[in-house]
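Quick notes on the structure that follows.
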Amino acid sequence: MTAGQRCAARFCQSSQEEKDQVLKIVPAVADGPWVVKSVVGNKPAILGTKMPVNYIYQKGEDGKAMYFEADLDIVSSSAARGILSMVRSYTNVLTMDLGFVIQGNEKDELPEQMLCGTRLHGLDPLNAPALPFSQENFISNMKPAEHDSDDEN
């Protein structure tokens with residue numbers, strides 16, 4: 001087993017509190033205004049120490065694939081809200097990479113490896129379509145998007 005595999009296996013078997021201490025985000029603004037690059041930076045941050053994270057694991061069953069999800073409550077963090085308010089007005093001209101790493105705290109978990117990453121490019125949240133709402137997947141603290149009466153035709 002590689003160091004990255006060992007680190008991921010321990011992460012999956014750990015408690016909520018342990019996960020909160022090792023899941024890191026590594027942001028990088030690949031293309032965008034200087035002001036956004038300076039606010040976002042590229043310094044890794046342990047997510048669970050900055051904001052509440054809800055981890056969801058679903059076993060594969062009934063033909064559905066297994067999945068692991070980490071929901072980040074960014075509105076609970078004043079720092080994240082500040083970054084979001086700055087970035088929001090530039091999203092349509094911004095290319096940002098977000099990497100996620102499980103921090104290796106034991107010698108056999110090093111060197112660290114990227115768990116996953118995503119690139120956000122030219123997002124326009126004001127014109128994004130609403131996601132379909134499913135009661136089955138409803139999370140108690142979320143509300144479905146409200147639709148304009150013109151959209152219902």
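Every number here is computed from the coordinates shown, using simple stated rules; none is lab data. What you see is a predicted model; the values in this text were computed from it and never measured. Positions of Cβ are generated from backbone atoms using ideal geometry, with glycine treated the same way; all protein chains shown enter the neighbour counts.
How many lysine pairs in the stretch 3-124, separated by 8 or more positions in sequence or lying on different chains, have Cα atoms less than 21 Å apart?
9
Can you give the longest run of the chain that contains no GluC sites (Glu not before Pro) sitting in a DSSP loop with at most 10 other Cβ atoms inside 10 Å?
Between exposed loop sites, the widest span is 1-105.
For Rg and Dmax of the Cα atoms in Å, the choices are (i) 15.4, 49; (ii) 18.2, 68; (iii) 18.0, 60; which was calculated from the structure?
Of the labelled values, this structure produces (iii).
Between the DSSP loop rule and a limit of at most 13 other Cβ atoms within 10 Å, which trypsin sites (Lys or Arg not before Pro) in the stretch 1-103 are left?
Hits after loop and neighbour filter: 59.
Per the helix-only calculation at 222 nm, which mean residue ellipticity applies to the chain, given -39500 (n - 2.57) for every DSSP H run of n ≥ 4 and division by its residues, nearest 500 deg cm²/dmol?
Result for the chain: -6000 deg cm²/dmol, rounded to the nearest 500.
Can you give the longest stretch of the chain with no exposed loop site, where a site means chymotrypsin sites (Phe, Trp or Tyr not before Pro) in a DSSP loop (not H, G, I, E or B) with at most 13 other C-beta atoms within 10 Å?
After excluding every exposed loop site, the longest remaining stretch is 1-132.
Can you tell which of 45, 80, 70 shows the greatest fluctuation in a Gaussian network model of the chain with Cα springs below 10 Å?
70
State to the nearest 20 debye the size of the charge dipole of the chain about its Cα centre, where the only charges are +1 on K and R beta carbons and -1 on D and E beta carbons.
For this selection, approximately 740 debye.
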